[in-house]
Every structure is written in structure tokens, then in C-alpha cells.
Amino acid sequence: MTRVAVIGVGHLGRQHARLYAEFPGVELAGIVDIVESRAKDIASLYNTAGFTDYRDLFGKVDAVSLAIPTTEHARVGVDLLGQGVDVLVEKPIASTSEEARALIDAAMRNRRILQVGHVERFNPVVALATELATTPQFFEVHRLAAFSPRSLDIDVVLDLMIHDIDVVLSLVRAPVREVRAVGIPVLSEKPDIANARVEFEDGCVANFTASRVSLEKTRKLRFFQPHDYISLDYASQTGMMVSLRMGCVTERKLEPPPREPLRVELAGFIKCVEKRGTPAVSGEEGLRALDLAMRINGAIAERLMLR
């Protein structure tokens, strides 16, 4: 049995606990939350132990999901990796590039697995589009959500846009040439809505829009490449591909078998732990997404200062 625990059982951490409890060959060995009643309540649901201090897990687990506030990722993650525990850290990997590098270095130094929880990579329609991508030249991405008091320790770029930043970076390997962005606070002290235009050195351009103050929920990505237009709807896990080849226009519906992305992500993490494999989203990839997010936030800050 692979012994796992979940540290932080807010909205997302609870889903990690649910899935680990369902996996064959996996023992949910503990739940950790600084709110004692919450730790015990979730632990009781899955007949496991509840703790308020993650250090109580040392020697009792092989791997953990780290679903605590982003500002604590590096401090807790480095400690866990140093104790020989494999870590799946929720996105974004950390608050700063320096903290992300500390996590990556700790994983390498202790020969531990570090996976970053960019769950959209495991969306079936994103996986299919990845197979169909050749040399994308233009992206248009929209991610809109209603306001929630969760994740207010970070801005909308690190909260929501970073999902799409990671997907785009997985499809475009060229370095970033230029970033332009605008964003404003609406219901919190940090930007709640933002738009960014990112140009890559191979000429590809990506336009990102993210909002956590919308009345409707939208999670869509479109991209264009020579001879193809591909449109994805993250929520429905479906899409469309329109192609022009030899003077003939064809349309193809993208309808992969539906799957719960988080289940696929966690199953892959457990397989890495058991087989000592390479994670689907590495620490370096998490850092690349964070670096671009920070550049976008820097551009936003410059615009706000000029107002």
C-alpha cells in the first residue's frame, strides 16, 4: 500500500482526500488542517487520522498532496521533501520564483518526486488537443468565474489565469519575447480581472483574459496553426477542429471519453511514487508558468502605477 496524506482540506483538498480514499492500493494515512474540527471531520469521513501539524506525518506517509495557501508552499514543501516525502503541490507552485526554485532543489537533493497540480493538463480535451497541435501561432483564452472568498491570498493571474498559462506553455516551447497586461482590483485588494498579451520568440501570440468577478462561468481556449483552427471547452471536455487541406475544409468534433481531470492527475502522481517515474507536470514546468505569471503581474503593476 502506498501511504498518502492531504495537507489542507479546504475546497480542493477535500477532493484530493475523496479520490485517494477510492484508489486501490492506496492508504489515506492522514488528514492535516490547521482548523482542528475540519481535520477531524474530514478524517472521520474516510476512517483515517486527523492532525493539525503536518510534522505529525513524518515517518507515516510516502507522499502528500499539499493544498495549503500558496504563501506556505515552499516552507512546508521543502520540509516534507527533506523528510523523504514525495509532494504534489497545488498550483501555483509557490509565491515567488525563488521559493519555487527552493522546492525544485529540495526535490533533487533528496531524490523525491515533485509534481505541480496544473489540473487542466489532465482534461481529456486538452490532452487530445496536445496531440493535434503542430506549431500554434495564435491563442485566445477566456476563464471567467464568480467571486469567491477562497484564494484571496493571491491575485486573479495566480489564481485562475495560471491554468491557461501552463496549457499554452505546454504547447509553445519558444521563449517569451514580450508581455503586455492590464488588470484591476474589483472586490478584493488584488487584481480580480486581467488581460494579458504574450508574444513568443517564434511569433506566436497568446491573449489571456481571466476574471473572478463574472456573472457567468467560462473556460474556453482557441488556437490557430497552419491549416487548423482548434476550439476547446474545458468545462464540457469537448471541442472542434476545422482544417483546410488540399483545398478541402473539414470539421471534426473533439469528444474524448469524459474523465475527472483531478482523478487522472492524482492517479498519475501515485504511479510516479510507486514506479519512481517522471511527473506529468514537473517543478520546472510549474516554475516556467509562475515566471510568466509574475511577468504579467509586473506589467499590470506598471499600468496601475501610471493611472
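The values are calculated or read from the model by the stated rules, or taken from the named source; none is laboratory data. Note that this is a predicted model, so its numbers are computed, not measured. Methodologically, a virtual Cβ is constructed for each residue, glycine included, from the backbone with ideal geometry; neighbour enumeration extends over all protein chains shown.
Within the stretch 78-100, which residues are closer than 12 Å to Leu287 by Cα, among the charged types (D, E, K, R) and either under 17 Å from the mean Cα position of the chain (by Cα) or not assigned by TED's automatic domain parsing to the domain that holds Ser65 (or both)?
Lys91, Glu99
Can you find even one residue in the stretch 114-128 that is over 17 Å from the mean Cα position of the chain (by Cα), within 21 Å of Asp233 (Cβ to Cβ) and of a type outside the set (S, T, N, Q)? Quick ask: steps written out before the conclusion?
Here is the first cut: in the stretch 114-128, the residues over 17 Å from the mean Cα position of the chain (by Cα) are 128.
From the residues that got through so far, the ones that are within 21 Å of Asp233 (Cβ to Cβ) too are 128.
Now restrict to residues that are of a type outside the set (S, T, N, Q): 128.
Yes, the stretch 114-128 contains a residue that is over 17 Å from the mean Cα position of the chain (by Cα), within 21 Å of Asp233 (Cβ to Cβ) and of a type outside the set (S, T, N, Q).
List the residue pairs whose Cβ atoms are under 8 Å apart, where the first residue sits in the stretch 89-108 and is under 11 Å from Met294 (Cβ atoms) and of a type in the set (Ser, Thr, Tyr), the second is at pLDDT below 95 and not in a helix (DSSP H, G or I), and the two are 6 or more positions apart or on different chains.
Ser95/Ile154
List the residue pairs whose Cβ atoms are under 8 Å apart, where the first residue sits in the stretch 128-141 and is more than 17 Å from Lys253 (Cβ to Cβ), the second is among the charged types (D, E, K, R) and assigned to a helix (DSSP H, G or I), and the two are 6 or more positions apart or on different chains.
Once the first residue is more than 17 Å from Lys253 (Cβ to Cβ) and sits in the stretch 128-141, its partners that are among the charged types (D, E, K, R) and assigned to a helix (DSSP H, G or I) give Val141/Asp164.
Would you call Arg212 of a type in the set (D, E, K, R) and either out of contact with any helix residue (DSSP H, G or I) (no Cβ under 7 Å at 6 or more places or on another chain) or closer than 24 Å to Ser65 by Cα (or both)?
Taking the combined requirement at face value, the residue does not satisfy it.
Take residues that are among the hydroxyl-bearing types (Ser, Thr, Tyr) and tell me which of the strands (runs of 3 or more DSSP E) falling wholly in the stretch 42-148 contain 1 or more.
63-66
Which ones in the stretch 38-62 are in contact with a helix residue (DSSP H, G or I) (Cβ under 7 Å, 6 or more places away or on another chain), within 30 Å of Arg111 (Cα to Cα) and among the hydrophobic types (A, V, I, L, M, F, W, C)?
Hits for the stretch 38-62 are Ala49, Phe51.
Rundown of residues vs (1) in contact with a strand residue (DSSP E or B) (Cβ under 9 Å, 6 or more places away or on another chain); (2) farther than 30 Å from Glu260 by Cβ, yes/no style:
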{"site": "Asp153", "(1), (2)": "no, no"}
{"site": "Val157", "(1), (2)": "yes, no"}
{"site": "Val167", "(1), (2)": "yes, no"}
{"site": "Ala174", "(1), (2)": "yes, yes"}
{"site": "Arg180", "(1), (2)": "yes, yes"}
{"site": "Ser211", "(1), (2)": "yes, no"}
{"site": "Thr238", "(1), (2)": "yes, no"}
{"site": "Val242", "(1), (2)": "yes, no"}
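Within the stretch 211-218, is even one residue over 19 Å from the mean Cα position of the chain (by Cα) and of a type in the set (Ser, Thr, Tyr)?
Looking for residues that are over 19 Å from the mean Cα position of the chain (by Cα) and of a type in the set (Ser, Thr, Tyr), one finds at least one in the stretch 211-218, hence yes.
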